[in-house]
Amino acid sequence: MLYPVESFTTDERALLAPHVTNLDQPVFALVGLPETVKGALFARYSRYQGTLRRLFLDEFADSLGTTTSTPAWEGDEGRRAADLYERIFVGYGDDSVAQLGGAHVACEWTSNVLTKILQRPRLGSYLEQSTRYIAYDAPMDASESEPRYRYYRDEQLGPTYEAAMDEIFRIYSACLPRVIEWADGAYPPPDGEPSAAHRRAITAKALDLLRGLLPAGSLSHMGIFASGQTYEQLILHLLAHPLPEAREYGRMILEAIKATMPSFVSRVERPDRGGEWIGYLERREEAARRWVARLGLDRPTAETADARPSVKLLHVDGDENALLASLLFEAAGAAEEDTLIRLAALSDEERATMLADLVGDRRNRRHRPGRGFEALRYRFEIVSDYGAFRDLQRHRMLTVQWQQLGPDLGAGVPEEVVAAGCGDEYRRALEISRAEYQRLADAGLDRAAPYALCLGFRIRYVLDLNAREAMQLIELRSGREGHPSYRAVAHEMHARIAAVHPAVAGAMRHVDNETEPRLERILGEMRTQAKLDALTPRP
């Protein structure tokens, strides 16, 4: 393939070389530049006749104040980039330019209430510490005379809150070695010899069984990668949130982004922009709470109190003929109405054969059918423990809404915890948690009260998703290595779809329907161990 190749002077090549991965190909990456400069380059690109390398030389290189090295602190974005954003982003309101740069931000010591708020934006990537691999039995600082367990603290919550949390963590810490010992006996290695993979899988099993004891106030660390636009939205929602922890982290994230790509969040602190936006979000929240109170919906009804875990399919949009028409659309030359007429003339057997052919031979769950599957939508209302919700909420290509965590939907005790001899202590922790929640709520701290509730308490939420995302979620979350709580939700979602669209459910060929108790993580740990062994030099 022939394409034009630009020529540059020796000085120009010296200016370009630190910032592009090559000087003579039509595809290259930008490196060693502040995110806002990269975004500004692309924003200007749309109205510049020349190439990106030439644009950098003509309009940006001089304003950076550096020729051969990356600025030590990316907040020094350069006059040219700052001026461009002021004109296009702030002046014209062209929000899309804030999608052209991103940043990695670490948020540490966040509660498990706040992590869900931080992960709410769809267009971001998140990684969070796992309760499956990290035990919460050790204090944060072993050198302290009084152990301080990993949970959120605030003076307004009072010493009674801390005493309740400490006791719950002591119960968790005392149960962990007992459950590990029980799991080791219940799931012995096949050849009778312990291995590193088996030990890790046993520990993961115990941590899974006991994670329902951890309060929602348990502290975690998480990483975020997102665009400037996503950060602006996240910061505004945090600053408008009624939870003090959320507002505090909103301010800290704002400072972190101002230090790395300041122009992307320049509107947040302007009273006529971010100030008005925050006010709107606060009024919107107040209106919703006012109306649910007026309608008597601010508390559970007798029918829903102490509800069991459940999955309800509230609404279905589309049918299997619409699915087939959508799958054929991109290959067709006719209107979709004509396609539907032809499909109506086919027999059920012919349509089933067509769907199977269009879905293809899916050899693993990552082989997914085309966007035609997005023609169908399902709206599920789910009641599950908060731990399962934490995992399912992370899926991005859907609409997820959740109610505030409370004790009214109850909590369960895993059968295997009872078998390990820790059932009574587990129940005692749940009661301590429930009582402290109620004390905080009665004191007017209803927004902070969920910090006291164990992750085993149930929450009601909605997942609204298309059939393609349903396939991805159900096949992933039903996998043999998943936590039993969210595996049960995935199984029920699959069954509800099968009842209305059996062919769609049938296309989900990688659903693991096994429900017998097992050592969930053993296969994954065996694969990890095999890779570690392969990297270890042999004597």
Open item on the list: Run the reach check for LYS38 against aspartates and glutamates, Cα to Cα strictly under 12 Å, same-chain hits fewer than 8 apart removed. What comes back?
Closed with: GLU74, GLU77
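Based on Cα coordinates alone, diagonalise the gyration tensor for region 327-455, multiply each eigenvalue by 5, take square roots, and list the semi-axes in whole Å, largest first. Don't skip to the answer; put the middle values down first.
Working: eigenvalues 483, 76, 29 Å².
Listed largest to smallest, the semi-axes of region 327-455 are 49, 19, 12 Å.
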Task: Residue among THR115, THR51, LEU41 farthest towards the positive dipole end of the chain, charges placed on Cβ - done: THR51
TODO: Please work out how much accessible surface GLU481 shows to a 1.4 Å probe, ignoring ligands, DNA and RNA, in Å² rounded to 10.
DONE: 40
Task: Rg to Rh quotient for region 230-374, alpha carbon positions, Kirkwood Rh - done: 1.19
- [ ] Run the 1.4 Å probe and let me know the accessible area of HIS104, rounded to the nearest 10 Å².
- [x] 150
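Can you pull the percent of region 184-321's accessible area that's carbon plus sulfur, 1.4 Å probe, other chains left in place?
54
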Task: Rg/Rh for the chain, where both radii come from Cα atoms and Rh is the Kirkwood radius - done: 1.01
- [ ] Note down the Stokes-Einstein diffusion coefficient of region 240-305 in µm²/s, whole number, using a Kirkwood radius over alpha carbon pairs, 10 °C, and 1.306 mPa s.
- [x] 111
Task: Anchor LYS312: aspartates and glutamates whose Cα lies under 13 Å away (excluding residues fewer than 8 positions away in-chain) - done: GLU381, ASP464, GLU492
TODO: Might you report the magnitude of the Cβ-based charge dipole of the chain about its Cα centre, with Lys and Arg at +1 and Asp and Glu at -1, to the nearest 20 debye?
DONE: 240
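Enumerate the helices in the chain for which the Kyte-Doolittle hydropathy averages -0.5 or more and the C-alpha atoms extend at least 24 Å along the helix's axis, using complete DSSP H runs. Please list the in-between numbers first.
Values: long enough: 158-186 (42 Å, 0.08); 244-260 (25 Å, -0.43); 276-294 (27 Å, -1.16); 423-442 (29 Å, -1.26); 484-500 (25 Å, 0.07).
TM-like helix candidates: 158-186, 244-260, 484-500.
The values are calculated or read from the model by the stated rules, or taken from the named source; none is laboratory data. Note that the structure is predicted; figures quoted are calculated from it, not measured. Cβ sites come from the backbone with ideal geometry, for glycine too, and all protein chains shown count toward neighbours. To get the accessible areas, we keep the full protein, side chains included, count just its heavy atoms, and leave off ligands, DNA and RNA. Shrake-Rupley method; radii C 1.70, N 1.55, O 1.52, S 1.80 Å.
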